[in-house]
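Step one of this worksheet: look at the structure below.
The values are calculated or read from the model by the stated rules, or taken from the named source; none is laboratory data. Note that this is a predicted model, so its numbers are computed, not measured. Backbone-built Cβ (ideal geometry, glycine too); neighbour counts: all protein chains shown. Please note that ligands, DNA and RNA were not included when accessible areas were found on the heavy atoms of the full protein model with its side chains. Shrake-Rupley method; radii C 1.70, N 1.55, O 1.52, S 1.80 Å.
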Amino acid sequence: MSFFKRIFSSEKKETLDKGLEKSKSTFFSKLSKAVAGKSKVDDAVLDNLEEILVSSDVGVDTTLKIITRIENRVASDKYLGIEELNQILQEEIAALLSETNTGEATEFVIPKDKKPYVLMVVGVNGVGKTTTIGKLAYQFKKQGYKVVLGAGDTFRAAAIDQLQIWADRVGVPIVKQNMGSDPASVAFDTLQSAVAQDADIVIIDTAGRLHNKVNLMNELTKVKRVMQKVVADAPHDVLLVLDGSTGQNAFEQAKQFTAATEVTSLAVTKLDGTAKGGVVIGISDQFKIPVKYIGVGEGIEDLQVFNKYEFVDSFFK
């Protein structure tokens, strides 16, 4: 029985449970070995738990915070049985996520006072950036928003083609230019088009190259500056897409992108194909950036808003 209140519909919850199955089963098989034959939480159990969390890609710093929180609980409750460890882990991880305002949402919504709401999407090639944009467009359109896409990754013809396929599939307009065009020019045209169409939300793709941080920084700064000629406070959100299945590599990408530009939210994809689901907890905590969306499958409905209660509940079910 979960101590969290049910928030998601049973269908959405089922998708989340299934998407986190690998992470959960790996975590729990390790945890059950760690507590085998034990009746209470002692130093040996905590040492084993620390090892399990680190190997689940929660990250060292975040793991130490979780362990400290549990040690404090053990100290205040005097005696802590193994059967209570699960619940305490859930409570402490949810509390940790609260510190970055992560996982409060339940639906795909945007602020009412920003129109058009401009979402700039960044991330290296291969993390599922274009797919995430397509699925976001689908979800926002489903909520009744008018969506416009901008194909700002002009360095790869495939990126423009892929986004066009998603735009056709979802049934939303796309603004694009030829490969090799200036990304800032695409962003400018996209925003002008969105304003003319009275669109609610604009989602702009950007080039996924990290080989030179200075180039990336200059390019994204220019795109932002040009967008602000049309919408003064754009972009309203800079969403970094990370591939959850890469574990610690996702931490490295987050480090490089946050150094190059201001990132205001995260999407962690491909969690269904990995046992590294703990990366969601660690990245959010370490970078103090809220995780907004998670990818838990290949279907168009399998991008979900990240809700910490449902995530933690599915992880520990």
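Which value, in debye to the nearest 20, describes the size of the charge dipole of the stretch 180-264 about its Cα centre when Lys and Arg Cβ atoms bear +1, Asp and Glu Cβ atoms bear -1, and nothing else is charged?
Computed charge dipole of the stretch 180-264: roughly 380 debye.
With r defined as the distance between the Cβ atoms of residue 47 and residue 218 and R0 fixed at 51 Å, what FRET efficiency is calculated, to the nearest 0.05?
Efficiency, from the Cβ-Cβ distance: 0.65.
For the stretch 70-172, which chymotrypsin sites (Phe, Trp or Tyr not before Pro) pass both filters: DSSP loop (anything but H, G, I, E, B) and at most 15 other C-beta atoms within 10 Å?
Numbers: sites: 79, 108, 117, 138, 140, 145, 155, 166; in loops: 79, 108, 145, 155.
Those satisfying the criteria are 79.
Shape call for the stretch 14-160 from the C-alpha gyration tensor, a ≥ b ≥ c root eigenvalues: rounded (a/c under 1.5), prolate (a/b greater than b/c) or oblate?
Since a/c reaches 1.5 and a/b is larger than b/c, the shape of the stretch 14-160 is classed as prolate.
Could you work out the relative contact order of the stretch 165-252? I mean the mean sequence separation of Cα pairs under 8 Å and 6+ apart, divided by the number of residues, in percent.
Details: 48 pairs, mean separation 22.3, N = 88.
Rounded, it is 25 percent for the stretch 165-252.
Tell me which aspartates and glutamates have Cα within less than 12 Å of residue 224's Cα, excluding those fewer than 8 residues away on the same chain?
233, 237, 262
For the chain, what is the accessible area per residue in Å² when the probe is 1.4 Å?
42
Could you rank 38, 288 by how accessible they are, 1.4 Å probe, largest area first?
Heavy-atom accessible area, descending, gives 288, 38.
Once you have the Kirkwood Rh of the stretch 253-301 from its Cα pairs, apply Stokes-Einstein at 37 °C and 0.692 mPa s and quote D in µm²/s.
282
Nearest 5 percent is fine: what portion of the DSSP beta bridges confined to the chain is antiparallel?
Here the share of antiparallel DSSP bridges comes out near 15 percent.
Could you tell me which GluC sites (Glu not before Pro) in the stretch 212-317 are loop residues by DSSP with no more than 13 other beta carbons within 10 angstrom of their beta carbon?
Working: sites: 219, 252, 262, 298, 301, 310; in loops: 262, 298, 301.
When the GluC sites (Glu not before Pro) of the stretch 212-317 are filtered for loop state and at most 13 Cβ neighbours within 10 Å, 262, 298 remain.
Reachable lysines from residue 129, Cα under 17 Å, same-chain residues fewer than 8 places away excluded?
Once the sequence-local lysines are set aside, what remains near residue 129 is 176, 270, 292.
Taking the Cα centre of the stretch 48-89 as the origin, how large is its charge dipole in debye, to the nearest 20, when only Lys and Arg (+1) and Asp and Glu (-1) carry charge on their Cβ atoms?
Here the stretch 48-89 has a charge dipole of around 180 debye.
Cα to Cα, under 18 Å, and not fewer than 8 places away if on the same chain: which lysines meet these conditions relative to residue 38?
Straight-line reach from residue 38, under 18 Å: 30, 78.
With all protein chains present, how much of the accessible area of the chain (probe radius 1.4 Å) comes from carbon and sulfur, to the nearest whole percent?
50
Rounded, prolate or oblate for the stretch 209-253? Axes are the square roots of the Cα gyration tensor eigenvalues, ordered a ≥ b ≥ c, and the cut-off for rounded is a/c under 1.5.
Because a/c hits 1.5 or more and a/b fails to exceed b/c, the stretch 209-253 counts as oblate.
In terms of solvent-accessible area of protein heavy atoms at a 1.4 angstrom probe, what is the ranking of 114, 22, 33, highest value first?
Values: 114 65, 22 105, 33 160 Å².
So the residues, ranked largest to smallest area, are 33, 22, 114.
Beyond 27 Å between alpha-carbons counts as too far, so tell me which of 40/317; 22/146; 22/135; 13/255; 114/222; 255/276 fall in that bin.
22/146; 13/255
How about the stretch 54-107: which trypsin sites (Lys or Arg not before Pro) there lie in a loop by DSSP and see at most 14 other Cβ atoms within 10 Å?
Qualifying residues, ordered by number: 78.
Sorted by accessible area with a 1.4 angstrom probe, largest first, how do 10, 181, 314 fall?
Greatest to least solvent exposure: 10, 181, 314.
Can you bin the stretch 61-127 into rounded, prolate or oblate? Criterion: square roots of the alpha carbon gyration tensor eigenvalues sorted a ≥ b ≥ c, rounded for a/c under 1.5, prolate for a/b above b/c, oblate for the rest.
prolate
For the stretch 1-148, with the dipole built from +1 on Lys and Arg beta-carbon atoms and -1 on Asp and Glu ones, taken about the Cα centre, which of 55, 20, 117 lies farthest toward the positive end?
The listed residue farthest towards the positive side: 117.
So, with +1 on the Cβ of K and R and -1 on the Cβ of D and E, and no other charges, what is the size of the charge dipole of the chain about its Cα centre, to the nearest 20 debye?
For this selection, approximately 520 debye.
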